[in-house]
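Colleague: There's a structure below that I have some questions on.
The values are calculated or read from the model by the stated rules, or taken from the named source; none is laboratory data. Please read all numbers here as calculations on a predicted model, not as lab measurements. In this analysis, Cβ positions are derived from the backbone assuming ideal geometry, glycine residues included, and neighbour counts consider all displayed protein chains. In case anyone asks, the SASA skips ligands and DNA or RNA and just uses the protein heavy atoms, side chains included. Shrake-Rupley method; radii C 1.70, N 1.55, O 1.52, S 1.80 Å.
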Amino acid sequence: MENTDVLKIKGGMPLNGEVAVYGAKNAVSKILVAALLTDKECVLRNASYVVDTELMMNILTSLGAEVEDDRTNRTIRVASRNIHGMADAKFHEVVGKSRVPILLCGPLLSRMGEAVIPALGGCVIGDRPVDFHIAALRKLGAEVEEKSDGIYFKAKKLVGCPIRLDYPSVGATEQVLLSAVFAEGATELSNAAIEPEIQDLVSVLNQMGADITLSERTYIVRGVQKLHGFNHCTIPDRLEVASWACVAAATNGNIFVRNANPLPMRAFLEKFKEVGGEFAIKDDGIGFWRGEQELRPIKIETDVYPGFATDWQQPFTVLLTQSMGESIVHETVYENRFGYTTALNQMGANIELIEECRGTLCRFNGNYFHTALIYGPTPFVAQEIEVPDLRGGFSYVIAALIAKGVTEISNVKLLKRGYENFVEKLSCLGAEIVDDLPLPPATMDL
Ligand code: EPU
């Protein structure tokens, strides 16, 4: 039987044209979680239809919420008047397929006094524990029991308190915000993450009537009794914008990314320029191309916002294989986010992984292969490769676009976690797609 999860790309063409990006993947799904905090109507605009969006809509429905999806207008309406609980078999079927459902704790505790979160899904890019989430919820007063079939949470009420995260985790920050909105008194959350997607969630929560302020990396959440609905336009996906920018520079093409916003991309744009890329910021998006024929080698260190995002490093690493000389990428957010480089080396890259930090000393020094030394430029030759995770997978697409011959990329369904209609977008930009793919079902197992 023919494998419909394989994408075949014939490399060598510069990609030119325009693509549009919509609501940030890492904001849309969390804002849908926030809709569970109220029984009033919530309207999310500028939705992007990636896997987490579909999953969250299914989870909300299985919990008893009414979900109306107006795809033509990218608008999702949620009214969770009657939340009837987690007994629905469908809830268990879909909840473990992403990492986002761990954030259901706050809304479910406030609506029902309990939450059960089965084992989580998500990309395998490190251990990805949820210990910060559990510790924070315990501090707020929840009883937590970890069982073989999931994590069980119970609380009659939550009480605000000071919480300091060991590391500015995106998910743990969102967990505290979504849980503390109804806690009695004030919660002071320090050493927290301040990613733009979290700021978007905070805007939504405050629009709903929450009382959240931020100074440096400390949020103060003053608990309220009730929240109302929201009508919100989600920020564009800065992670997808960077991916297309790297495609433009790597293929020596020119891509205008409609709806791209430069403000949350400062760290990326600086590095893009340093390597030899060019960009033009317009009111309605950003154009990207390669400024100089020969790309320069540079050093990159991933970090929490406002640093260089860990989700930008994989497409950028492929770009650096085309730079003249030695580049360094030091990954400080996830301990195991370079697995994808093995296949790039098979295609012709010269990437060496080391355990030592280069630049700032991070918590992975000497323990994990978390620094990549990239020697370029190296031509790529087509191979059969398998997508290991979302961003690693996109880097394979870029490698295929610049490789000699036809690269067969399998397991491309993983790319649909973060890139809506990416095969269509590639085709529109002039990529030579040898085989097109039907979209996988929304509730596929990831
Ligand atoms: N961490 C812990 N304990 C915890 C939580 C996190 O040790 O309880 C560690 C993680 O293992 C990791 C670091 O803290 O080493 C950062 O993890 P974080 O919690 O910030 O990540 P996340 O919330 O699970 C989100 C995005 C990721 C993105 C990271 C970092 C979503 C659904 N996912 O993950 O996005 O890489 O923040 O910005 O929002 C992607 O888009 O491809 C993706 C993986």
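Colleague: Placing one identical point scatterer on every Cα of the chain and ignoring solvent, what is log10 I(q)/I(0) from the Debye formula at q = 0.06, 0.09, 0.12, 0.13 Å⁻¹?
Modeller: Debye curve over Cα of the chain, log10 I(q)/I(0) at q = 0.06, 0.09, 0.12, 0.13 Å⁻¹: -0.25, -0.57, -1.01, -1.17.
Colleague: Pairing the Cα long axis of helix 25-34 with the longest principal axis of the chain, what angle in degrees results, from 0 to 90 and rounded to the nearest 10?
Modeller: So the inclination is approximately 10 degrees.
Colleague: Based on the mean of other beta carbon atoms within 10 Å per residue, what is the order of 146-159, 336-349, 382-395, most packed first? Intermediate values should be presented prior to the final figure.
Modeller: On the way: 146-159: 15.0, 336-349: 20.1, 382-395: 22.4.
My ranking of the peptides, most packed first, is 382-395, 336-349, 146-159.
Colleague: Report the label-to-label distance for Asn82 and Cys428 in nanometres (one decimal), using points 7 Å from each Cα along the Cα→Cβ vector.
Modeller: Rounded to a tenth, the inter-label distance reads 4.1 nm.
Colleague: Find how many whole Å separate the alpha carbon centroid of region 373-440 from the alpha carbon centroid of region 236-270.
Modeller: Taking the Cα centre of each part, region 236-270 and region 373-440 sit 17 Å apart.
Colleague: Something else: Report the label-to-label distance for Arg296 and Glu93 in nanometres (one decimal), using points 7 Å from each Cα along the Cα→Cβ vector.
Modeller: Going from the Arg296 label point to the Glu93 one covers 5.5 nm.
Colleague: Right, here's the next one. What does the highest-first list of 400-406, 67-73, 185-191 look like by mean Cβ count within 10 Å? The partial results should precede the final answer.
Modeller: Numbers: 400-406: 20.9, 67-73: 12.0, 185-191: 17.9.
Ranked by mean Cβ neighbours within 10 Å, highest first: 400-406, 185-191, 67-73.
Colleague: Let me ask something else about it. Mind checking the per residue accessible area of the chain for me, 1.4 Å probe, whole number of Å²?
Modeller: On the way: 17310 Å² over 446 residues.
That works out to 39 Å² per residue.
Colleague: How far is helix 390-402 tilted, in degrees, relative to the longest principal axis of the Cα atoms in the chain, given as a value from 0 to 90 rounded to the nearest 10?
Modeller: Result, in degrees: 20.
Colleague: Hey, quick one: spin label on Asp283, modelled 7 Å out along Cα-Cβ, who in region 232-258 has an amide N within reach, i.e. under 16 Å?
Modeller: Under cut-off, by backbone N: 258.
Colleague: Which percent of the accessible heavy-atom area of region 25-233 goes to carbon and sulfur, probe 1.4 angstrom?
Modeller: Working: 3850 of 8230 Å².
C and S fraction of accessible area: 47 percent.
Colleague: Let me ask something else. For every helix of n ≥ 4 consecutive DSSP H residues, a contribution of -39,500 (n - 2.57) applies; sum these over the chain, divide by its total residues, and give [θ] at 222 nm rounded to the nearest 500 deg cm²/dmol. Walk me through the numbers on the way to the answer.
Modeller: On the way: 13 runs with 127 residues, N = 446.
Counting only the DSSP helices, I get -8500 deg cm²/dmol.
Colleague: Right, another one. Of the heavy-atom accessible surface of region 288-446 (probe 1.4 angstrom), what whole percent is carbon and sulfur?
Modeller: 49 percent
Colleague: For Lys282, list the aspartates and glutamates whose Cα falls under 15 Å from its own Cα; do not include residues on the same chain fewer than 8 positions away.
Modeller: Filter leaves Glu18.
Colleague: What's the FRET efficiency of Asn231 with Gln346 using the Cβ-Cβ distance as r and R₀ = 51 Å, to the nearest 0.05? Provide the component values of the computation, followed by the final result.
Modeller: Numbers: r = 49 Å, r/R0 = 0.96.
Efficiency, rounded to the nearest 0.05: 0.55.
Colleague: Here is a further query. I'd like the FRET efficiency for Thr61 and Asn367, computed as 1/(1 + (r/R0)^6) with the beta carbon distance as r and R0 of 45 Å, rounded to 0.05. Mind showing how you got there, number by number?
Modeller: Details: r = 42 Å, r/R0 = 0.94.
According to the calculation, E is roughly 0.60.
Colleague: In straight Cα distance, which lysines are under 18 Å from Lys154, not counting same-chain residues fewer than 8 positions off?
Modeller: Lys139
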